[in-house]
């Protein structure tokens, strides 16, 4: 007869409750032991690895890799998670995501461990993609913070969705979670599902400009123009209307409707149209002045544009570009941050910010911004030029 023990805690007082099925009262764990000899071998090998790690010096990643794999095989998810967390603190993150996936694939992982792993994976992917190293997540809800971190890393929308899905299972009435879910489904082109989450959010937070702005956007894509116009009109009249985004709203609606002939939008649109015409004229003047190498004159014109509307990314970028050529790097960085705030995917703004930071020797931030630019446009020459500097000076960004 086989002398069974619990793979997780090595308790020998286990009950055999079926063919190759045991129960450990200490762990409250039921598990099949199809090949118990393999479990015994894993426990012996784990003990051997622990002895080698105790007497060794330095970080033996091969042994640590093997140990985490064995811990997962032995259902010791908490210990495996702690080891992965230690790897992140020791700044050896590249091997973490695969281990996390191997743990999460098991259906019996406790919820608190799932939460810790999602946070760790988000931090790790953010670090590997951007160089940002977040040791601690101090938000009230760390899982939501993990979702936000995933959003900052290109192409990790599915991971962010998984985090938000877990959050909604805890509290299905939080508008923040619903809005993030909606935005993520919008990014992944699932517009019907995005609309579903925006509608759920609207039940709890009706008078919100961004809710109606986003619903307008979705309805236009879905070609439900009557609904788009209705949502656009509500957005304009919300108490927290964000005036700097009205031009974008009018631009979206103006592609499908003659806004001059829609009475309940007419007053708002007329004010907007007059200001837009004035701004277009100022931009034309700025370009003429730039052609004549009058940088200060062009800068003054762009400043007047911003007084009318501070929501056009091209205006902020052009203003920042002038500051850069005038070697006013701090002002250039500020303008690029404004540009990115309006359009996060503006690769040219990330690249010029990288070049400005390089000029004032903020190397780490410069390298991060250059990588960010190439995430959005792999052919950006300015960003490539910045990274060439770091290839020639590998110690600069340390």
If the chain between residue 38 and residue 101 were fully stretched, how many nm would it gain, using 0.36 nm times the residue separation less the Cα-Cα distance?
-> 20.5 nm
Using alpha-carbon positions, the gyration tensor of segment 272-341 gives root eigenvalues a ≥ b ≥ c; with a/c under 1.5 called rounded, otherwise prolate if a/b exceeds b/c, else oblate, the class is oblate
For segment 312-396 the translational diffusion coefficient, Stokes-Einstein from a Kirkwood Rh over Cα pairs at 10 °C and viscosity 1.306 mPa s, in µm²/s, is roughly 129 µm²/s
Per the 1/(1 + (r/R0)^6) rule, R0 = 56 Å and r from the Cβ atoms of residue 94 and residue 175, FRET efficiency to 0.05 is 0.95
Report the FRET efficiency, 1/(1 + (r/R0)^6), for residue 360 and residue 288, where r is their Cβ-Cβ distance and R0 is 22 Å, rounded to 0.05.
-> 0.10
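Throughout, read-outs are computed from the coordinates displayed, never taken from laboratory work. Quick caveat, the model's predicted, so the values are computed rather than measured. Positions of Cβ are generated from backbone atoms using ideal geometry, with glycine treated the same way; all protein chains shown enter the neighbour counts.
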